[in-house]
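Each remark here refers to the structure printed beneath this line.
Each value in this text was obtained by applying a stated rule to the coordinates, not by laboratory testing. Since this is a predicted model, take the numbers as computed values, not measurements. Glycine gets a Cβ as well: all are built from the backbone with ideal geometry, and neighbour counts include every protein chain shown.
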Amino acid sequence: MSCCVSFTSLKEWCFRISFKNSGLRSTTTDLGDGTVMHCWVPKQPQQSKPNLLLIHGFGNNALWQWSDVVGRMTPYFNVYVPDLVFFGESYTTKPDRTDAFQAQCIIRLMEELSVNARLSVVGLSYGGFVAYSIAAQAQLQNVVEKVVICCSAVCMEEKDITEGRFNVPDLESAADILLPQTPEKLKELLNFTLVKPPKIVPSCLLNDFIHVMCREYLQEKRELIRAIPRDRKLDEIPKITQPTLIIWGDQDQIFPLEFGYRLKNHIGDNAVLAIIENAGHGFSMERPKEFYSHLKTFLIDDHVSHANDTHQNGK
């Protein structure tokens, strides 16, 4: 029996209302080179607030992956939530599929939006590769203050795939899971992503989700996946200097925890690794309160403390 109403579309409509109620509005920016970027931006940005950039991963657009975070962050930050290229309403005619290109697109977007100071960035999964690249590219401009990398194997190498450090044999198998086109593959993705995936999900709901969320830019997204490890070597990955929080689920089956330790060692003393227990790659869904607690401690509490100190010293 088929579903009469698209639950996925209804859910996305609810997310849009939630974003708007949090003080954000939807914008589309033409970067002028065949690239168009969609981004949720503050309706009324406040100069007194620092800026926060939230970058989503594979699977869904920005609405789905940051719905639980946006409302909690807008009282403290001017929050910007872009759709990466080939997700949501963002796209390009250019052939580049690297995370560095995604980072350049967002940097240019922020410039178009006049966001040029006091910026912290949070990247989730694939978005973590992009966030790291933004921080590396922006070091000279002194724009990026803090970085949060969530379950993102930034320090993976191309040889990690052939040497069996992942639960899939090759990139094409990974793409089949990350870009599910059948209910069976979507269930497999849930099993990889969550420690306790739902035992029973009606096929009509799975098919509806695939139809709404997983059919656009399929070939381009496969190319994004192929580009992640291509020619990637640890000694060629730049070391960012900003204070960095790395968050990982201890049972991550997409990017095993060893890559979290590798990233911490690569960055050095500027990085802290926070491990969320009994959580997988989707810890933002499984442990949202703990996830937010780490973000709050690292991003909000320090800013509030600094603001109070500045106020007291100014008396």
*Under 8 Å between Cβ atoms, at least 6 apart or on separate chains: pull out the pairs that start in the stretch 160-174 with a residue that is farther than 14 Å from Glu258 by Cα and end on any residue that is β-branched (Val, Ile, Thr) and surrounded by 12 or more Cβ atoms within 10 Å (Cβ to Cβ).*
Val168/Ile177; Asp170/Ile161; Leu171/Ile161; Leu171/Ile225; Ala174/Val168; Ala174/Ile225
*Give, as residue ranges, the strands (runs of 3 or more DSSP E) completely inside the stretch 1-74 that count at least 2 residues that are surrounded by fewer than 21 Cβ atoms within 10 Å (Cβ to Cβ) and of a type outside the set (Lys, Arg).*
24-30, 35-42
*In this structure, is Val121 buried (at least 19 other Cβ atoms within 10 Å of the Cβ), among the β-branched types (Val, Ile, Thr) and within 15 Å of the chain's Cα centre (by Cα)?*
yes
*For the stretch 1-26, how many residues are in contact (Cβ under 8 Å) with a residue 24 or more places away in the chain and not basic (Lys, Arg)?*
15
*Only residues in the stretch 264-292 that are outside any loop (DSSP other than H, G, I, E, B) count as the first member; pair them with residues that are crowded, with 17+ Cβ neighbours inside 10 Å and among the β-branched types (Val, Ile, Thr), Cβ under 6 angstrom, at least 6 apart or cross-chain, and list the lot.*
Lys264/Ile246; Ile267/Thr244; Ala271/Thr244; Ala271/Ile246; Leu273/Ile246; Ala274/Ile247; Phe283/Ile276; Glu290/Ile276
*Consider only pairs whose beta carbons are under 7 Å apart and that are at least six residues apart or on different chains; among these, list those whose first residue lies in the stretch 81-108 and is over 15 Å from Asn61 (Cα atoms) and whose second residue is in a helix (DSSP H, G or I) and aromatic (Phe, Trp, Tyr).*
Asp99/Phe129
*Which of (1) touching a His at 6+ places or on another chain (Cβ under 9 Å); (2) under 21 Å from Thr193 (Cα atoms) is the odd one out, the single condition Leu234 does not satisfy?*
(2)
*For the stretch 125-147, does any single residue satisfy the condition of being among the polar types (S, T, N, Q), in a helix (DSSP H, G or I), surrounded by 23 or more Cβ atoms within 10 Å (Cβ to Cβ) and touching a residue at least 24 places away in the same chain (Cβ under 8 Å)?*
yes
